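A.B. asks: One structure, as structure tokens, below. Some questions next.
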Amino acid sequence: MNLFAYLATGQAIRMLSGLSAAKVNLHGTEHMPQRSVIFVVNHFTRIETLLMPYHIYKLTRVPVWSLADSTLFEGPLGGFLDAIGVLSTKDPHRDLLMVKSLLTGEANWIIYPEGEMVKDKRIVERARHVISSVGGKRPPHTGAAVLALRTEFYRQRLRRMAETNPGEAQRLLDLFQIEALEPVLARNTWIVPVNITYYPLRAHENALSSLAAHMVKGISPMVLEEIMTEGTMLLSGVDIDIHFGAPIAVKECLECSPVEQDIFARRQIDFDDPIPSRVRIRRVAVDIMQQYMAAIYSMTTVNHDHLFASMLRLFPLNRINEANLRRRVFLVASENIEQTEACLHRSLRTSQVSLLTDDRFNKYRDFIALAMEKGIVKRKGDSLIRDATRFSSAFDFNRARIDHPVAVIANEVIPLVRLQRKIRAVAWLTPFQLRRRIVDYLINKGIADYTADYDAFFAGGESKPKEVGAPRLIKGMFRDLGVVLFHGFLAAPAEMQELAEYLGRKGVWVYVPRLKGHGTSPADLATRTCRDWIESVDEGYAIMSNICRRVVVGGFSFGGGLALDLAARVPEVAGVFAVSPPMQLQDISSKFAPAIDLWNRLMELTHHEPAKKEFADIFPEHPHINYSRLPIAGVKELERFMTDLEPKLAAIKTPALVVQAKGDPVVNPHGSRRLFDHLGARKKEYLLVDFKRHGILMGEGAAQVHAAIGGFVEKVRRGISKGR
């Protein structure tokens, strides 16, 4: 191998990576051996034939060689491939060279045991690993296992002969052109299973395929399919997750009597000589192959497309309600998915509640657009009609990724037995059971999150009693309409207790979630972002929307802004109300102004470096509920949220109510009026009450505000009844 050519190729791949929109994520590298390793890798695209040597070399700093089809060595390309460590499958010295390099540790090897690209991902049949190809079905190759066993056979034989037959040991050293025995004996032979998963998997015409079709007349459909699929990955952006599995120590696989007898034999054994234990070695090779193939497929990085595709495949009926499809995937992705022991894409390691609200990360929208484009489903009203034959019918192997991507995606996770069992169980839940499971999960999650945060951030003399910040559910008498209430900044669910009880007495279901960072201590709030608060809001809405047919949302001060944001994102919201909502941070007057002032001056003095004073003392109206210290980082997030909210207000079309106190010392009434004017709702009401305080949902005179909100909720209920 020419090291200069090898490193130059690495530079080219690094440059290509910079131009590509693909993102490579490596996992499990911490236990990877450095030398004498065969990496066995699943084969889905030609991309990995370039990426894998590059990334493995970066990790081990040992040259990585691989096998390539002999046809690639015809013409001038052959010399280049030879220079960078690619070996022809028809090289007469192939096995000898591979064993020698593994004995000495001068190179690691990459082998694709599937033998070719598995474009349809059909890899398991009757609990055995099977490769489907143009030529039919066959088991994966055992070549990697055989070569690893042969390498370790000669390593152990050299060790034994050095003690009992030095002449034979020297002959073997000469055969393998090895100068020093000690480094050979100091190493072990390893097989490392590797899985590569691409997400999202999409194939369509792109700049590369258009250029190829224009430049090459009569381009084959197979080549065009590969350019369309892999060009889309590189140009449109794809996550490439590479998982390295636990190394398989080949030495342990040779610890059996027939093999040891051949290792210890004093007679001369040449490289290609048949030995009595060869049948046993081949049997062991099959076992090792099954072991590393199982490991490869078990490390598939599960993503949203896998869950949606599998749910469509396993759902017992051909008609499925869209909202329930999202609910089912949410439940699979959220409820103890770690028990499946599947490797999860990073997007599945965070809250999945957006699947139940606005799908703001487009996980459902993107998948269902693909499924509809490929004829897997058709939309009819609020349901999807599935064509189940699109999962089971035979399809052109070379067009699988273009014509049947949803089936390919579903096939990829069939080997994950625990995940399949979980998806199947959720697919068979009735709609009532499904909603009940989601409600129980989210309510328990809210309690568990609060308990964990309270314990982690408890501050003696500053944290309030635990019941102040606990989420609360008030059960109603009717399920046609429920209400979700959001407390204000620095406050807690107890702030909404009086209003919640009032609505509960009217027979309304009410849920009051805790906004992350609240009900614990200011140190907790200082770590939170807008995303945390929006997820808290979405979880509250998701609970109530799975209890009642329709939901009204509302909140106080900052909580009112959160309610408006939710109504702008989720058109299914039946109504929204906001009490004393600020339009912008500037609407918050002298109560908070000194802290904001201080923060701004500090930022100027430090030229936008992190502010040195992290908290400012304040004097809240309800000190038994609210924090007495204001985290500056929290104010920055608050300002970001309200800046983002303003352009969304016009999107709110649902009935709306804004309530404001004339003499509010915290929020300027002109700001809330301006907010009201920006609302896009035709049915909206602005109520100005004659109070001189900010917290008008509690204490004297609060009944007037409660009655106004109760009347608004009743109007929404009547409107829903008329619309039936």
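The values are calculated or read from the model by the stated rules, or taken from the named source; none is laboratory data. For clarity, every value in this text was computed on a predicted model and none was experimentally measured. Heads up, the Cβs are rebuilt from the backbone with ideal geometry, glycines too, and the neighbour counts pull from every protein chain shown.
A.B. asks: Have a look at ARG386, ARG379, ARG401 and point out the one that is surrounded by 19 or more Cβ atoms within 10 Å (Cβ to Cβ) and more than 24 Å from the chain's Cα centre (by Cα).
C.D. replies: ARG386
A.B. asks: Let me ask you something else. Just wondering, is there one or more residues in the stretch 49-64 that are at pLDDT below 90, surrounded by fewer than 16 Cβ atoms within 10 Å (Cβ to Cβ) and outside any helix (DSSP H, G or I)?
C.D. replies: No - not one qualifying residue is present in the stretch 49-64.
A.B. asks: Would you pick out the residues in the stretch 302-330 that are surrounded by 24 or more Cβ atoms within 10 Å (Cβ to Cβ), of a type in the set (A, V, I, L, M) and outside any helix (DSSP H, G or I)?
C.D. replies: VAL302
A.B. asks: Okay, next question. Restricting the stretch 444-457 to residues that are aliphatic (A, V, I, L, M) and more than 15 Å from SER351 (Cβ to Cβ), which is nearest to the chain's Cα centre (by Cα)?
C.D. replies: ILE447
A.B. asks: Anything in the stretch 346-357 that is surrounded by fewer than 19 Cβ atoms within 10 Å (Cβ to Cβ), of a type outside the set (Val, Ile, Thr) and not in a helix (DSSP H, G or I)? List them, or say none.
C.D. replies: ARG349, SER351
A.B. asks: Are any of the residues in the stretch 149-159 surrounded by fewer than 17 Cβ atoms within 10 Å (Cβ to Cβ) and either touching a residue at least 24 places away in the same chain (Cβ under 8 Å) or touching a strand residue (DSSP E or B) at 6+ places or on another chain (Cβ under 9 Å) (or both)?
C.D. replies: Scanning the stretch 149-159, I find at least one residue that is surrounded by fewer than 17 Cβ atoms within 10 Å (Cβ to Cβ) and either touching a residue at least 24 places away in the same chain (Cβ under 8 Å) or touching a strand residue (DSSP E or B) at 6+ places or on another chain (Cβ under 9 Å) (or both), so the answer is yes.
A.B. asks: How about the stretch 677-715: which of its residues are modelled with pLDDT under 95 and aromatic (Phe, Trp, Tyr)?
C.D. replies: PHE691
A.B. asks: Tell me, which residue of the stretch 246-258 that is modelled with pLDDT of 85 or more and part of a helix (DSSP H, G or I) is surrounded by the fewest Cβ atoms within 10 Å (Cβ to Cβ)?
C.D. replies: Checking each candidate, the answer is GLU252.
Yes/no per residue for (1) assigned by TED's automatic domain parsing to the domain that holds GLY28; (2) in contact with a strand residue (DSSP E or B) (Cβ under 8 Å, 6 or more places away or on another chain):
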residue	(1), (2)
LYS251	yes, no
VAL284	yes, no
ALA309	no, no
LEU312	no, yes
PRO316	no, no
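A.B. asks: Has the stretch 657-674 got at least one residue that is in contact with a helix residue (DSSP H, G or I) (Cβ under 8 Å, 6 or more places away or on another chain), buried (at least 17 other Cβ atoms within 10 Å of the Cβ), at pLDDT below 95 and farther than 21 Å from MET496 by Cα?
C.D. replies: Yes, the stretch 657-674 has at least one match.
A.B. asks: When you scan the stretch 121-128, do you find a residue that is modelled with pLDDT under 80, within 30 Å of HIS31 (Cβ to Cβ), among the charged types (D, E, K, R) and not in a loop (DSSP other than H, G, I, E, B), even just one?
C.D. replies: The answer is yes, given that some residue of the stretch 121-128 is modelled with pLDDT under 80, within 30 Å of HIS31 (Cβ to Cβ), among the charged types (D, E, K, R) and not in a loop (DSSP other than H, G, I, E, B).
A.B. asks: Does VAL40 count as at pLDDT 90 or above, assigned to a helix (DSSP H, G or I) and of a type in the set (A, V, I, L, M, F, W, C)?
C.D. replies: Numbers: at pLDDT 90 or above: yes; assigned to a helix (DSSP H, G or I): no; of a type in the set (A, V, I, L, M, F, W, C): yes.
So VAL40 does not fit the description; no.
A.B. asks: Which ones in the stretch 160-197 are closer than 22 Å to ALA145 by Cα, hydroxyl-bearing (Ser, Thr, Tyr) and surrounded by fewer than 14 Cβ atoms within 10 Å (Cβ to Cβ)?
C.D. replies: none
A.B. asks: For VAL118, are the conditions met, namely being surrounded by fewer than 21 Cβ atoms within 10 Å (Cβ to Cβ), farther than 28 Å from LEU185 by Cα and either in the same structural domain as ARG35 (by TED's automatic domain parsing) or at pLDDT 65 or above (or both)? Steps first, answer last, please.
C.D. replies: On the way: surrounded by fewer than 21 Cβ atoms within 10 Å (Cβ to Cβ): no; farther than 28 Å from LEU185 by Cα: yes; either in the same structural domain as ARG35 (by TED's automatic domain parsing) or at pLDDT 65 or above (or both): yes.
Judged against the criteria, VAL118 is not a match.
A.B. asks: Now, a different point. What number of residues within the stretch 75-90 satisfy the criterion of being at pLDDT 60 or above, part of a loop (DSSP other than H, G, I, E, B) and surrounded by fewer than 16 Cβ atoms within 10 Å (Cβ to Cβ)?
C.D. replies: Number satisfying all stated conditions: 2.
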